[in-house]
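Trainee: Let me begin by handing over the structure; questions about it come next.
The values are calculated or read from the model by the stated rules, or taken from the named source; none is laboratory data. All of these numbers come straight from a predicted model, not from anything done at the bench. In this analysis, Cβ positions are derived from the backbone assuming ideal geometry, glycine residues included, and neighbour counts consider all displayed protein chains. Heavy atoms of the whole protein, side chains included, go into the accessibility calculation; ligands, DNA and RNA do not. Shrake-Rupley method; radii C 1.70, N 1.55, O 1.52, S 1.80 Å.
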Amino acid sequence: MQTAIQLYSLRALDEPVTDTIARVGETSLDGVEFAGTGDKPPVQIRRELDDHHLEAAGAHVPIEVIQENLPAEADNCQTLGVETLVVPILDDSALADVSSIDETASVLSSLAASVAEYGLDLCYHNHEFEFADVDGRPAFERLVEATDGVDFELDVGWAYAAGADPIDLLDRYADRITRIHLKDVAVDAEAERGGHPVDLGSGDVPLGDCVTAAEAAGVEWMVFEHDAPDDPVEFLRQADTWGETR
């Protein structure tokens, strides 16, 4: 299982993505996951990746951008070495009831077929609302089982905050989960999202067990993420440490 950092976690550094990639290149991590590339041309970003022996673990791209600009996105992916497009979030109305889930599954499955024509895979990344009960079952489970050709990036932090068991999910859906976001969350039942992200190892998520389960499930990438770290450089250091000791 390779390790990467979601560059969204380091956005507060407010520097060119090439500089951030250089920072990651000083760690033991194997790659980066994109969430935009700023104003640097893809060829320059690829050069920075190659210079630091880093791979592109994937790219978070809004579903509307994939639908409307797939040829251009595919060209960028080819230059960057990205093989997987990740839908980072949908509106919670997309999974509000069984009918909505079926419709969303159809849209994602069709999109997966479209990106496959460009040699790309499609992934879906969860937050917490995907685990709401819909007619007696979590929406996430219904979505996984209703989609075809769509892989999943399990955010273990948000899954745990929503009351789901990420270890069980990794076991049951091992053939569908190709990557995880290793995120720690302090659970708060009264919080809007069931909790808030914290530094690795300081929250409630059983991170070590999640890593073990991900390895057993054959997960390809473990991507470290923190939505809003107080100190992005320190979070990168923590990710480096976890990456070395996984």
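Trainee: Please determine whether any residue of region 238-246 is in a strand (DSSP E or B), out of contact with any Ser or Thr (no Cβ under 8 Å at 6 or more places or on another chain) and open to solvent by 10 Å² or more (accessible area, probe 1.4 Å).
Mentor: Scanning region 238-246 turns up no residue that is in a strand (DSSP E or B), out of contact with any Ser or Thr (no Cβ under 8 Å at 6 or more places or on another chain) and open to solvent by 10 Å² or more (accessible area, probe 1.4 Å).
Trainee: If you don't mind, there's one more thing I want to ask. Given the condition within 19 Å of the chain's Cα centre (by Cα) and part of a helix (DSSP H, G or I), answer yes or no: does some residue in region 22-38 qualify?
Mentor: Checking region 22-38: at least one residue is within 19 Å of the chain's Cα centre (by Cα) and part of a helix (DSSP H, G or I).
Trainee: Next question. Against the definition (open to solvent by 30 Å² or more (accessible area, probe 1.4 Å) and closer than 21 Å to L7 by Cα), how does E225 come out, yes or no?
Mentor: Against the criterion (open to solvent by 30 Å² or more (accessible area, probe 1.4 Å) and closer than 21 Å to L7 by Cα), E225 does not qualify.
Trainee: For region 190-235, what are the residues that are in a loop (DSSP other than H, G, I, E, B), β-branched (V, I, T) and more than 22 Å from A59 (Cα to Cα)?
Mentor: V205
Trainee: State all residues of region 204-217 that are under 27 Å from T84 (Cβ atoms) and over 16 Å from the mean Cα position of the chain (by Cα); if no residue qualifies, say none.
Mentor: V205, P206, G208, D209, T212, A213, E215, A216, A217
Trainee: Could we say that D230 is exposed (fewer than 14 other Cβ atoms within 10 Å of the Cβ), out of contact with any Lys or Arg (no Cβ under 7 Å at 6 or more places or on another chain), among the charged types (D, E, K, R) and within 30 Å of S106 (Cα to Cα) here?
Mentor: no
Trainee: Give the residues of region 60-103 that are without any contact (Cβ under 8 Å) to a residue 40 or more places away in the chain and among the β-branched types (V, I, T), sorted by residue number.
Mentor: V61, V65, T79, V87, I89
Trainee: Could I ask something else about it? Restricting attention to region 149-189, which residues are open to solvent by 40 Å² or more (accessible area, probe 1.4 Å), in contact (Cβ under 8 Å) with a residue 40 or more places away in the chain and not in a helix (DSSP H, G or I)?
Mentor: Within region 149-189, G149 is the sole residue that qualifies.
Trainee: Which condition breaks for T84 when tested against (1) within 20 Å of R11 (Cα to Cα); (2) in contact with a Gly (Cβ under 6 Å, 6 or more places away or on another chain); (3) not small (G, A, S)?
Mentor: All conditions pass for T84, except number (1).
Trainee: Among the candidates A112, A94, A105, which residue alone is within 27 Å of H196 (Cβ to Cβ) and part of a helix (DSSP H, G or I)?
Mentor: The conditions single out A94.
Trainee: Report the residue count in region 8-36 for those that are open to solvent by 40 Å² or more (accessible area, probe 1.4 Å) and within 16 Å of C77 (Cβ to Cβ).
Mentor: Qualifying residue count for the region: 2.
Trainee: Just a yes or no: is a residue in region 183-190 closer than 20 Å to E141 by Cα and at pLDDT below 95?
Mentor: no
Trainee: Need the failing condition index for V43 against (1) of a type in the set (V, I, T); (2) under 21 Å from A12 (Cα atoms); (3) open to solvent by 60 Å² or more (accessible area, probe 1.4 Å), just the number.
Mentor: (2)
Trainee: Consider region 133-145. How many of its residues are touching a strand residue (DSSP E or B) at 6+ places or on another chain (Cβ under 7 Å) and either of a type in the set (A, V, I, L, M, F, W, C) or within 18 Å of L182 (Cα to Cα) (or both)?
Mentor: Qualifying residue count, region 133-145: 1.
Trainee: A56: open to solvent by less than 20 Å² (accessible area, probe 1.4 Å) and over 25 Å from H226 (Cα atoms), yes or no?
Mentor: Spelling it out, it is not the case that A56 is open to solvent by less than 20 Å² (accessible area, probe 1.4 Å) and over 25 Å from H226 (Cα atoms).
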